[in-house]
Amino acid sequence: MAVSVQKIPTIPFAAVCVSGIALCFFPLFRVVPLQTKGAVATAAVTGSGDAAPAAFDPAAFTEKFWRERLTPAAARATDSTALVPALRRDPAAAAKQFARVAGVGGSGYYFFRGTGRVTAVERNRVLLDLDGVTVALGTGPLFGNTVRDGTGLLNVNDFPGLAEFNALSAELNRLVEAQVFPVLRERARVGATLAFAGCAEAPESIESGPLLVVVPVEISAAP
Amino acid sequence: MITLRLIRLLVGAALAALVALPVHAAAPAAGQRVAVVISTLNNPWFVVLANTARDRAKELGYDATIFDSQNDPAKESQHFDNLIASGYAAVLFNCTDARGSIANVRRAKAAGVPVFCMDREIEANDAATSQILSDNYSGCVALGRYFVEQVGETGKYIELLGLVADTNTWNRSKGFHSVVDRFPGLKLVAQQSAEFDRAKALEVLESLLQRNPDIDAVFCGNDAMAMGAYQALLAAGKAAKVKVFGFDGADDVVKSVAEGKITATVMQFPKTMARSAAENADKYLKGERKFPQRTPVAVELVTKANVKKFGDYGRK
């Protein structure tokens, strides 16, 4: 009797352990959360683990992005004193060192900051003397993806699809037009010194005219 | 004891299966078949996309076959049924419907057949292995800016949309309107789909011109429609006055831009997209598993000023 008492519980215990291991490899069922595509993507872009089934809201995303990511990143953007001499020496090498490229064969963009003296105020732009070269700060209207793609902070694969990613451009451009251009227009007086951070398409070669055409995301009083 | 042996066998089989996976993934490509499923071959641009995908797959050592969906989702679905049943190893895919085609891609994925989208997006992030897509929005931002330069800040225009179920249609339209709508003097007097089709565009524009004889421009969501629109304008005696804008970079339209018949188009790079999709499929079949879901491919504005740089569906 004593022998049978010892043997009977040992086999089921081993069987339960090994079955447990086997079930790790071959689960009988899986629990799959009921999520919409939009909710998954929303969770991904917000970094939230809570995948609430809400549609992606480009305006809300962009406001938060501007406040929490773009503004801090602008403070750390490439300094013009490093970028401008490199660009004048060799545009291709400068692009390799400082530019961000989105996708295949796309434009390179610089995200940089600098301080310059206003030399002219035109209809759609302000010209600055920056470290001995002329750059243009746009004053609108603003089109395209320069801000979305220029900072290097946004990746198409973190969003539900191309339509949503494109909607970010429209929202970012709207914020630049509403928040940055008015400050730039107000402070742009010939002879004034302006500090800025912004994005610009990387030129393939040095042409006549401004070295860079900048979409400013921040304008401040010169230090 | 029998139970213990059975469990050991199960665990052993599980471990063997796990060990066997990488061996299978690293198998050579020789003898494997790749399907190229294309929305339509009734448009030279898609013929270039299909042929380039097939040829690149062949260069990489696969047997490759083109399936024409003829812009019919039902035909596309049949193609997927057939290619899954026939044991194709991968699909290079240009869809007919951004949402409707998702089920086909999921069915292939469930059957272990990876799908690599080219040019046209499916609206799912977890079905295709990768999607190589033109940056249509950026292209139409550039086209919209040129449109305003050429037409001016006042005028009337018609827009011919592509297939309404294709996201390219809307990404192009939205990129264009993100610019042109900022100029209130530019009036959109009619907007209608001509389904990316040349004959349909001819027919639609002929009809729209009856009600809108005094337009200044036509914005077309692709080059086939631009050629159809140009024919309609020519027949109405308005080709010299009305500016036509297309999108694709098709050879006949690039030539028409050089001749001043079409004002501008946007060069997509179908060969780049097709080759990239085929190369991704090859990498997948050789064991690679990490692919970005979407890869945008840059496009370029083609005008009379720079048209000499372009031809044969790309840069010369």
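Here are some notes:
- Residue identified as over 20 Å from B:Phe176 (Cβ atoms), within 14 Å of chain A (Cβ to nearest Cβ) and free of Cβ contacts under 8 Å to residues at least 40 places away in the same chain among B:Lys309, B:Lys283, B:Lys241, B:Lys316: B:Lys309
- The range B:259-291, subset out of contact with any Lys or Arg (no Cβ under 7 Å at 6 or more places or on another chain) and among the aliphatic types (A, V, I, L, M), residue surrounded by the fewest Cβ atoms within 10 Å (Cβ to Cβ): B:Leu285
- Residue list for the range A:190-210, restricted to those being closer than 12 Å to A:Leu130 by Cα and surrounded by 21 or more Cβ atoms within 10 Å (Cβ to Cβ): A:Leu194, A:Phe196
- The range B:136-146, residues that are more than 26 Å from B:Ala199 (Cα to Cα), touching a residue at least 60 places away in the same chain (Cβ under 8 Å), within 11 Å of chain A (Cβ to nearest Cβ) and not aliphatic (A, V, I, L, M): B:Ser138
- Residues located in the range B:133-153, provided they are over 27 Å from B:Lys238 (Cβ atoms) and either part of a loop (DSSP other than H, G, I, E, B) or in contact with a Cys (Cβ under 7 Å, 6 or more places away or on another chain) (or both): B:Asp135
- Evaluating B:Glu149 against the criteria (1) in contact (Cβ under 8 Å) with a residue 60 or more places away in the chain; (2) within 14 Å of chain A (Cβ to nearest Cβ); (3) farther than 22 Å from B:Leu49 by Cα leaves one unmet condition, (1).
- For the range B:74-88, the count of residues that are crowded, with 19+ Cβ neighbours inside 10 Å, in a loop (DSSP other than H, G, I, E, B) and more than 14 Å from chain A (Cβ to nearest Cβ) is nonzero.
- Odd one out for B:Val253 among (1) out of contact with any Lys or Arg (no Cβ under 6 Å at 6 or more places or on another chain); (2) surrounded by 19 or more Cβ atoms within 10 Å (Cβ to Cβ); (3) more than 22 Å from B:Ser138 (Cβ to Cβ); (4) not acidic (Asp, Glu): (3)
- The single condition among (1) away from chain A (no Cβ under 14 Å); (2) more than 30 Å from A:Val101 (Cα to Cα); (3) surrounded by fewer than 24 Cβ atoms within 10 Å (Cβ to Cβ) that B:Arg106 does not meet is (1).
- Breaking point among (1) outside any strand (DSSP E or B); (2) away from every other protein chain (no Cβ under 14 Å), for A:Gly106: (2)
- Here the range B:286-304 is the region considered, the condition is being within 22 Å of B:Ser134 (Cβ to Cβ) and away from chain A (no Cβ under 14 Å), and the residue that is farthest from the chain's Cα centre (by Cα) is B:Thr303.
- Every residue from the range A:118-131 that is in contact (Cβ under 8 Å) with a residue 40 or more places away in the chain and either within 17 Å of the chain's Cα centre (by Cα) or closer than 13 Å to A:Ser80 by Cβ (or both): A:Leu128, A:Leu130, A:Asp131
- Among the residues making up the range B:154-211, those that are away from every other protein chain (no Cβ under 14 Å), of a type in the set (S, T, N, Q) and in a helix (DSSP H, G or I) are B:Ser207, B:Gln210.
- For the range A:123-145, the condition holds for no residue, the condition being that it is basic (Lys, Arg), within 13 Å of chain B (Cβ to nearest Cβ) and buried (at least 17 other Cβ atoms within 10 Å of the Cβ).
- Residue in the range A:172-187 that is in contact (Cβ under 8 Å) with a residue 40 or more places away in the chain, closer than 19 Å to A:Ala82 by Cβ and more than 14 Å from every other protein chain (Cβ to nearest Cβ) present: no
Bear in mind that the values in this text are calculations on the coordinates, not laboratory data. Note that the coordinates shown come from a computational prediction; the quantities given were computed from them, not determined experimentally. Neighbour counts are summed over all protein chains in view; Cβ atoms, including those assigned to glycine, are modelled from backbone coordinates with ideal geometry.
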